[in-house]
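The values are calculated or read from the model by the stated rules, or taken from the named source; none is laboratory data. The structure displayed is predicted, hence computed values, not measured ones. Here the Cβ positions follow ideal geometry from the backbone for every residue, glycine too, while neighbour counts run over all protein chains shown. Just so you know, the surface numbers come from the protein's heavy atoms only, side chains and all, with ligands and any DNA or RNA stripped out. Shrake-Rupley method; radii C 1.70, N 1.55, O 1.52, S 1.80 Å.
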Amino acid sequence: MTTVTDTHDDHHDHGPAAGLMRWVTTTNHKDIGTLYLVFSLIMFMIGGAMAMVIRLELFQPGLQFVDPSFFNQMTTVHALVMIFGAVMPAFVGLANWMLPIMVGGPDMALPRMNNWSFWILPFAFTMLLSTFFMDGGAPAGGWTIYPPLVLQGGNGFPYMIFAIHMMGVSSVMGAINVIVTILNMRAPGMTLMKMPLFVWTWFITAYLLIAVMPVLAGAVTMLLTDRFFDTTFFNAAGGGDPVLFQHIFWFFGHPEVYILILPAFGVVSEIIPTFARKPLFGYSSMVYATSSIAFLSFIVWAHHMFTVGMPLQGELFFMYATMLIAVPTGVKVFNWISTMWKGSMTFETPMLFAIGFVIMFTIGGFSGLMLAIAPADFQYHDTYFVVAHFHYVLVTGAVYSIMAAAYYWLPKWTGNMYNETHGQWHFWISTVSVNVLFFPQHFLGLAGMPRRIPDYAVQFAEFNMWSSIGGFVFGLSQVFFCYIVYKTIKGGEKATDQVWEGAKGLEWTLSSPPPYHSFTEAPEIK
Amino acid sequence: MNKLKQLFAGGALLTIMSSVAHAEYGLNMPVGVTETSRQVYDLHMLILWVCVAIGVVVFGAMTYSMIYHRKSRGAVASQFHESMTAELVWTVIPFIILVVMAIPATSVLIDMHDSSESDMTVKVTGYQWKWHYEYIGEDVAFYSSLDAASNAARQVGSDIDPATVENYLLDVDNRMVIPVNKKVRILLTAGDVIHAWWVPDFGWKKDAIPGFINETWVKVDEPGVYRGQCAELCGRDHGFMPIVVEVMSEADYATWLAEQKGAAASAKLAAIEDLDPRELKQKGKKVYRANCVACHQKKGEGIPGVFPAITGSSVATGDINNHINMVMNGKAGTAMAGYKAQLSDVELAAVITYQRNSLGNKVGDAVQPAEIAALR
């Protein structure tokens, strides 16, 4: 006992331990937040490299570079890495850094578990990526891992299953930590309805995570036993049903989509008021809209599988429920615009990314509404129209919000301002190229190009080439982003505590960078 | 490096040529050739225009705000942050728009589900990576795979320009044929993994699921040739199992059907002759290239860990009866399908003989079509 107390005191007196062990043993929310963010950036670049291989092969009709089975490995692992390795850890990183500060607490509520939930991830992804070097290669059945196809995979299959298990464990631990922190670490006077919206959206996201990650764990475990222990959960020959897997998977999968986007809503709801110099419009309706979206996310899953041959009543129900999501999502967009309305706006990089988010996420929302219409979905389903849709909501949605957050809080985290000119260039190059990349994919899908194919009929050649060119430029501009972040960490103009003229919230009352233990004394909440 | 240069040179050239060469590339969903496809198209255009209209209002307001409410123009921020009226308006109006969209969508969906009173039935089965069409009650059935020209051009490093291949990746050896203006009920299933049958001009796609049968229908108004592809990831050659449907006048269809029946009958009657092992090997090479090569690879080396090699394998060099059994019945729980139904006696005998005496194997024995026939 005494040693434990001693170590604790030691931390208080001297700040972080020196050297590499600081990062291995740390229980500090900012250190762990940094680890998450760095990890996420590395995964973003790895997943991006796979996207480059995909776009390279699709640059022209014909197969020039890779075998179709390797192409399928690329699309599969690209998605797994981007979803579980880049976007989710990035939001957990933001949560680690910002939640304790935003609610006026000293740290996360469960610091040691926090350390563990991060350090599981590098092992999980090492395991996942190691499958590339195994007989049979990496999983190639799509990130949705539908049986029976996924069961045909090579020796990498069980490694992928266990990697998913580990990611799930990490996510659930992270989510528990978020909930406990929000419920217990708030400064006196910080009532729930006074919490910043980023805290609110993460609070709801954490509940979604706890609800659905175990469902995924169950589904992949059944895959494992189907493959190795002769169960037939998903095999009709033994009384099972391959479509059952899809139902279970999407019962996880649809809330997962909102796990990826709700924190993004939170980020944007922090940034727009700051740069419009005006309070967020409709705070309470934002909270209610987020909650409604979270609730609806549990009852719309089968819109991902309209073509499996559900009964009419089922298709009607899932169509209506899915269309309903447009209402609370619309409320959010209208609230953001009303926040901008009659403000006094400036357009620093975080604001640019936030506005880019609102516009392009809305475009993704429109195509989402189109996909909700079941009879039309019979045409759109599994085409590039869907690819365009989910990249608009995930890249120009989730990823843009992460970029916005990075520029917004980097000065706070590092104490240095990033180079504004570089930031603006990064935004404009990314935004032009990402639209060249994904907008033509709408046309490709409507004209009849299925997704997940390594080669295509020649009438799709032109748009694919545009798309690839956009992809290469977008990829390069993210290398530039890494450079900007690196330069900011290394130095730059000193940031003030307030950083942004219109910034409100507890994080801006601390020094830049903040002290190692955020609020050792509870701040006063007005 | 050379390859890259070639690629970008080709790319530049294609961009210049494309406006001429690919003038017919599509931007929008095809209107199609069925009542259903036209309804779906109308629905698609309705939602599209609704979204465009909402987009104009939303993005218009944002743009106005970004121009006029910027600090550099001296805008002073007002501090309003709540309005119950506004929240109600933008909750209720979108809801009403959604209801308006849901009504036609519901009626189209109900129509699509009604496959009653059909004139004929075709059962479509998806395999890795071909389709099988069975005309129920007509004793006509055949496989349909990617045509030879596309198949040659699509190999990695084939050096055949896809632009020179007619209907590249959208052509098959045997077309599905249906009569015009008849309601054709389509039963969909699969033999191995999930596939999806999609011809855009018909207005829908539907999954083909092993162990289950999906029912749908199509009634085409205009004779013609309509092309589509498998739409559900089904493994390595998912991109290479096209669908071609030829819609004929009723009379032409009757002629076609009679021909098919005749061909099937004469194939059955033909005496089973023994063939020279060398001839078997030659035929076997073709069968191997069409059916086995995707997994077991050109030289029989397989893909370690996923698809076993033929070269030196215990099956292909061991007891011939095991080998015959493996090819005819497949291996449960793996991607190895049974080819009993897919290949003829001659083809089975040929491919087994080829595998035992080529691809680096030298067993020296052969199997004759008659032996295969006896095992059926």
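A few notes on this one:
- Taken together, B:Ile303, B:Ile310 contain a single residue that is buried (at least 18 other Cβ atoms within 10 Å of the Cβ) and without any contact (Cβ under 8 Å) to a residue 40 or more places away in the chain, which is B:Ile303.
- When each of A:Phe228, A:Phe265, A:Phe251 is tested for being more than 30 Å from A:Glu348 (Cα to Cα) and modelled with pLDDT of 95 or more, the lone residue that passes is A:Phe251.
- Answer from A:Ile453, A:Ile429, A:Ile469 - the residue that is β-branched (Val, Ile, Thr), surrounded by fewer than 20 Cβ atoms within 10 Å (Cβ to Cβ) and under 30 Å from B:Gly235 (Cβ atoms): A:Ile469
- Hits in the stretch A:439-467 - residues which are closer than 23 Å to A:Gly141 by Cα and assigned to a helix (DSSP H, G or I): A:Gln441, A:Leu444, A:Gly445, A:Asn464
- Flag for A:Ala495 being open to solvent by less than 20 Å² (accessible area, probe 1.4 Å) and over 24 Å from A:Pro61 (Cβ atoms): yes
- The one condition in (1) of a type in the set (Lys, Arg); (2) outside any helix (DSSP H, G or I); (3) within 30 Å of B:Val100 (Cα to Cα) that A:Lys342 fails to fulfil: (3)
- Test: residue in the stretch B:242-253 that is crowded, with 24+ Cβ neighbours inside 10 Å, at the interface with chain A (Cβ under 7 Å from one of its Cβ atoms) and within 25 Å of B:Tyr41 (Cα to Cα): no
- Put simply, of A:Thr75, A:Thr126 the only residue that is within 14 Å of chain B (Cβ to nearest Cβ) and of a type in the set (Val, Ile, Thr) is A:Thr75.
- Unmet requirement for A:Tyr258, which otherwise passes all of (1) closer than 22 Å to A:Gly142 by Cα; (2) more than 9 Å from every other protein chain (Cβ to nearest Cβ); (3) in contact with a Phe, Trp or Tyr (Cβ under 6 Å, 6 or more places away or on another chain): (3)
- Some residue of the stretch A:311-334 being without any contact (Cβ under 8 Å) to a residue 60 or more places away in the chain, part of a helix (DSSP H, G or I), under 18 Å from A:Tyr207 (Cβ atoms) and more than 14 Å from every other protein chain (Cβ to nearest Cβ): no
- When the criteria are applied in full, B:Phe212 fails the requirement of being over 22 Å from B:Ala335 (Cβ atoms) and among the hydrophobic types (A, V, I, L, M, F, W, C).
- Pick from the stretch A:366-419, criterion outside any helix (DSSP H, G or I) and not small (Gly, Ala, Ser), ranking: farthest from the other protein chains (Cβ to nearest Cβ): A:Asn416
- Looking only at the stretch B:313-338, residues that are surrounded by fewer than 16 Cβ atoms within 10 Å (Cβ to Cβ) and in contact with a Lys or Arg (Cβ under 7 Å, 6 or more places away or on another chain) come to 1 in all.
- Extreme residue, nearest to the other protein chains (Cβ to nearest Cβ), among residues of the stretch B:176-191 that are within 19 Å of B:Leu146 (Cβ to Cβ) and open to solvent by less than 30 Å² (accessible area, probe 1.4 Å): B:Ala190
- When the residues of the stretch A:432-450 are filtered to those that are within 24 Å of the chain's Cα centre (by Cα) and open to solvent by 30 Å² or more (accessible area, probe 1.4 Å), the one that is farthest from B:Leu170 (Cα to Cα) is A:Val432.
- Subset of the stretch A:490-516 [assigned to a loop (DSSP other than H, G, I, E, B) and hydrophobic (A, V, I, L, M, F, W, C)]: A:Ala495, A:Val499, A:Trp500, A:Ala503, A:Leu510
- Among residues of the stretch B:70-86 that are more than 15 Å from A:Ile337 (Cβ to Cβ), those with a beta-carbon under 8 Å from a residue that is open to solvent by less than 100 Å² (accessible area, probe 1.4 Å) and assigned to a strand (DSSP E or B) at least six positions away or on a different chain give the pairs B:Lys71/A:Met345; B:Ala75/A:Met345.
- On the stretch given as the stretch B:202-233, residues that are surrounded by 22 or more Cβ atoms within 10 Å (Cβ to Cβ), farther than 17 Å from B:Tyr143 by Cα and within 9 Å of chain A (Cβ to nearest Cβ) total 10.
- Listed by first and then second residue, the pairs linking a residue in the stretch A:229-252 that is touching a residue at least 60 places away in the same chain (Cβ under 8 Å) to a residue that is of a type in the set (Asp, Glu) and open to solvent by less than 50 Å² (accessible area, probe 1.4 Å), with Cβ atoms under 6 Å apart and 6 or more places separating them unless they lie on different chains, are A:Phe234/A:Asp226.
- A:Phe366 satisfies every condition listed in (1) open to solvent by less than 20 Å² (accessible area, probe 1.4 Å); (2) in contact with a Gly (Cβ under 7 Å, 6 or more places away or on another chain); (3) over 22 Å from A:Phe252 (Cβ atoms) except (1).
- Count - residues of the stretch B:102-126 that are facing chain A (nearest Cβ under 7 Å) and open to solvent by less than 40 Å² (accessible area, probe 1.4 Å): 6
- Among (1) assigned to a helix (DSSP H, G or I); (2) aliphatic (A, V, I, L, M); (3) within 7 Å of chain A (Cβ to nearest Cβ) - the single one B:Ala77 does not satisfy: (1)
- When residues in the stretch A:283-323 are screened for being hydrophobic (A, V, I, L, M, F, W, C) and closer than 19 Å to B:Ala86 by Cα, 3 of them pass.
- Here the condition is being within 24 Å of B:Ile213 (Cα to Cα), open to solvent by 50 Å² or more (accessible area, probe 1.4 Å) and assigned to a helix (DSSP H, G or I); of A:Ala237, A:Ala219, it holds for A:Ala237 alone.
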